[in-house]
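Undergrad: Encoded as structure tokens, here's the structure I'll be asking about.
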Amino acid sequence: MNIGVLVSGRGTNLQSIIDASENGRIKSKVVVVISNKKDAYALERARMHNIPGYFISSKNKSPEEYDAELIKILENYNVDFVVLAGYLKILTNMFIEKYYDKIINIHPALLPSFGGKGYYGEHVHEAVLKAGCKVSGCTVHFVRPEIDHGPIIIQKCVEVLDNDNAETLAERILPYEHESLIEAIKIIEEKNYMIDGMRVKILRWNN
């Protein structure tokens, strides 16, 4: 698959996808990276691997106009699949319908808990700690119009330690985010799944 990755920040999840592609863990290739933040370090990561990177400004654009520009770039690179890797801009229904069942998102908590508007970055981990949860983790899911909602492909659990703060919890979850994304992409590119309502059924688990 040709993958287009949408980013807003450091791009560590993007890096994990690039590395997995370059070392042969996945067959898919990142062909373009697009950010809504001009100074996102993820764009520099793309440049270092000779991957085209774009910043799209939202100034004087409606959400639909913004996503139309996004779609045009993705189409120019023949993108088959879209990965939201720390992308903080809300997608329009138009975009989601265009790439229905071809967009996945990584979220740093165990959805459906701690998802939705305002639950991003350290805000997620702060909410987990405030709720007194004993476990947290990450979720990779297909994207639907509702924020942080859609059929779940992969979830991984991480124990919440008594001395955790939002930063330490985020640091320990991050490697599981990287691994979950790669596992999800591998399942998708091998067509090793079936979507049944809100459930993603894995047809066979490969060691």
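Undergrad: Consider Leu203 against the criteria (1) modelled with pLDDT of 95 or more; (2) over 24 Å from Asn23 (Cα atoms): it satisfies all of them except one. Which criterion is unmet?
TA: (1)
Undergrad: What strands (runs of 3 or more DSSP E), lying completely within segment 97-207, carry at least 3 residues that are at negative phi and surrounded by fewer than 20 Cβ atoms within 10 Å (Cβ to Cβ)?
TA: Filter on segment 97-207 gives 152-159, 193-196, 199-202.
Undergrad: Please pick out the residue among Glu189, Glu122 that is closer than 20 Å to Ile96 by Cα and either in contact with a strand residue (DSSP E or B) (Cβ under 6 Å, 6 or more places away or on another chain) or touching a residue at least 40 places away in the same chain (Cβ under 8 Å) (or both).
TA: Numbers: Glu122 fails: closer than 20 Å to Ile96 by Cα.
The match here is Glu189.
Undergrad: Does segment 69-87 include one or more residues that are of a type in the set (Ser, Thr, Tyr), under 20 Å from Ile188 (Cβ atoms) and either surrounded by 19 or more Cβ atoms within 10 Å (Cβ to Cβ) or assigned by TED's automatic domain parsing to the domain that holds Phe142 (or both)?
TA: Within segment 69-87 (the criterion being of a type in the set (Ser, Thr, Tyr), under 20 Å from Ile188 (Cβ atoms) and either surrounded by 19 or more Cβ atoms within 10 Å (Cβ to Cβ) or assigned by TED's automatic domain parsing to the domain that holds Phe142 (or both)), the answer is yes, since at least one residue qualifies.
One line per residue, one yes/no per condition, for (1) under 21 Å from Lys89 (Cβ atoms); (2) among the hydrophobic types (A, V, I, L, M, F, W, C):
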| site | (1), (2) |
| --- | --- |
| Ile104 | yes, yes |
| His107 | yes, no |
| Leu111 | yes, yes |
| Tyr120 | yes, no |
| Glu126 | no, no |
| Leu129 | no, yes |
| Gly132 | no, no |
| Cys138 | yes, yes |
| Phe142 | yes, yes |
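The values are calculated or read from the model by the stated rules, or taken from the named source; none is laboratory data. Here the structure is a predicted model, which means the values were calculated and not measured. Cβ coordinates were reconstructed from backbone atoms using ideal geometry, including for glycine residues, and neighbour counts include every protein chain displayed.
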